[in-house]
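The values are calculated or read from the model by the stated rules, or taken from the named source; none is laboratory data. Bear in mind that the values here come from a model prediction, so they are computed numbers and not experimental data. For neighbour counting, all protein chains shown are included, and Cβ atoms are generated from backbone atoms with ideal geometry for every residue, glycine included.
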């Protein structure tokens, strides 16, 4: 797996919600896959898309 340099992040508490700034689209997609799996969804297609996107970054 390819690892990317960390991006500076900050969080701001608003009521019961947390607003997060910084990060990358790939990190968000990984989070969506994790949440989907924990909810019992099959996330295989999404994971394959993510792998394809990461693979294309080197081209």
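Summary of values
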| read-out | value |
| --- | --- |
| The range 22-59, residues that are assigned to a loop (DSSP other than H, G, I, E, B) and either surrounded by 11 or more Cβ atoms within 10 Å (Cβ to Cβ) or on the phi < 0 side of the Ramachandran plot (or both) | 22, 23, 24, 39, 41, 42, 43, 57, 58, 59 |
| Near pairs, Cβ below 6 angstrom, 6+ apart or cross-chain, from the range 15-36 (at pLDDT 70 or above) to any residue that is surrounded by 11 or more Cβ atoms within 10 Å (Cβ to Cβ) and not in a helix (DSSP H, G or I) | 33/43; 36/43 |
| Hey, residue 3 modelled with pLDDT of 85 or more, outside any helix (DSSP H, G or I) and out of contact with any strand residue (DSSP E or B) (no Cβ under 7 Å at 6 or more places or on another chain) or not | no |
